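Report on one structure; see the data block that follows.
The values are calculated or read from the model by the stated rules, or taken from the named source; none is laboratory data. No experiment lies behind these values; they were computed from the predicted model shown. Please note: Cβ atoms are built from the backbone with ideal geometry, for glycine as well, and neighbour counts cover all protein chains shown. Accessible surface areas use protein heavy atoms only, side chains included; no ligands, DNA or RNA. Shrake-Rupley method; radii C 1.70, N 1.55, O 1.52, S 1.80 Å.
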Amino acid sequence: MSLKENVDYVKNELSSEEKFLESFVKIERFYKKNKMIIILIAIVIIGLVIGMFATKQIQASNKLEANIAFNKVMENPKDTEAQNILKDKSLQLYEVALYAQALENGKFNDTELKYFKELVAYQKALEENSIEKLNTVSMEKDFLLKEFAIFNKALLQAKEGKFEDAKATLKLIPADSQVNDLVTALNHYLVTK
């Protein structure tokens, strides 16, 4: 290498080191100027992470305690301590336990849990052979047995001799429904009427 190349090489090295030091000084100035804000942001982020972790741990603990209490209530329905724990930790699971106990006893209690409330209303409508109540239940947007309720409404209408109403009701059930085989059978019966 020639002397000129060596000098150029040293200049380039010094220039890159100078740029590095310059950027380091800029960062240091920025840090000194905004030190409190940076520390506050770091504390907030650390606090959020700790808070999220603690929340997840508490939720997992509550879920575990609720599951243990649910098992105890299912084994011994008269265990009031387990019922109270279950009610405190998971009201929905408590409702499920009450509903399961009501099913065992053959009694359908009123419940606040949405799906079970609809099932209880559906069961009562079937027991009473009430087209109006079946209609009300089948109009619920997220009802699990909506199409089956509509089918039962059509069946009751057919029993009452309201064949045209039954045909119109069956048309409310989509073609891809799991109840479609029953719909087809009832439609074949209604064709003769």
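Would you pick out the residues in region 160-193 that are farther than 18 Å from Val137 by Cβ, open to solvent by 90 Å² or more (accessible area, probe 1.4 Å) and either part of a helix (DSSP H, G or I) or of a type in the set (S, T, N, Q) (or both)?
Across region 160-193, the qualifying residues are Glu164, Asp181, His188, Tyr189, Val191, Thr192.
Within region 85-126, how many residues turn out to be open to solvent by 90 Å² or more (accessible area, probe 1.4 Å) and at pLDDT 80 or above?
The qualifying residues number 3.
Can we say Phe20 is open to solvent by 90 Å² or more (accessible area, probe 1.4 Å), assigned to a helix (DSSP H, G or I) and modelled with pLDDT under 80?
The answer is yes for Phe20.
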